[in-house]
Amino acid sequence: MKHLIWLLKWVLKAAIFFTLFAFALNNQQDTTVHFFFGTQWRSPQVLVVLTAFTAGVAVGVLGMVPRWWKQRRAASRAQLTTSAAADTQNVQVTLPHGL
């Protein structure tokens, strides 16, 4: 069973790779991206798409960082509060997985 799942994962990875490879081969035409003040960038279309995708992922991750920090602080405060209450009652508390 494990071998079958391993094989399916590799088939899926290969399918994704070949799909992206075919996309790259079909989009080799030069594209011009016009910026402000008359500047422009000329490159193959696949690089423009890849750059836009990478920039979108970076903006999304940077947008989530403050929320992640806030949740980590809240989780550590909850853990400290729970452990302090357990120390006063001499009771062992099991925290949910992931906190």
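Inspect all residues belonging to region 72-79 and state whether any of them is farther than 27 Å from residue 96 by Cα and surrounded by 10 or more Cβ atoms within 10 Å (Cβ to Cβ). Among the residues of region 72-79, not one is farther than 27 Å from residue 96 by Cα and surrounded by 10 or more Cβ atoms within 10 Å (Cβ to Cβ), which makes the answer no.
Of the residues making up region 1-49, those that are charged (D, E, K, R) and more than 27 Å from the chain's Cα centre (by Cα) number 2. Which pairs turn up if I take residues in region 46-63 that are free of Cβ contacts under 8 Å to residues at least 12 places away in the same chain and over 25 Å from residue 28 (Cβ atoms) and look for partners that are aromatic (Phe, Trp, Tyr) and surrounded by 13 or more Cβ atoms within 10 Å (Cβ to Cβ) with beta carbon separation below 8 Å, at least 6 apart in sequence or on another chain? Taking only residues 6 or more apart or on different chains, not a single pair turns up. Quick check: is even one residue across region 56-68 in a helix (DSSP H, G or I), surrounded by 10 or more Cβ atoms within 10 Å (Cβ to Cβ), modelled with pLDDT of 90 or more and not aliphatic (A, V, I, L, M)? So far as region 56-68 goes, yes, one or more of its residues are in a helix (DSSP H, G or I), surrounded by 10 or more Cβ atoms within 10 Å (Cβ to Cβ), modelled with pLDDT of 90 or more and not aliphatic (A, V, I, L, M). The residues in region 4-45 that are part of a helix (DSSP H, G or I), touching a residue at least 12 places away in the same chain (Cβ under 8 Å) and not small (Gly, Ala, Ser) can be counted, and the count is 2.
The values are calculated or read from the model by the stated rules, or taken from the named source; none is laboratory data. Note that the structure is predicted; figures quoted are calculated from it, not measured. In this analysis, Cβ positions are derived from the backbone assuming ideal geometry, glycine residues included, and neighbour counts consider all displayed protein chains.
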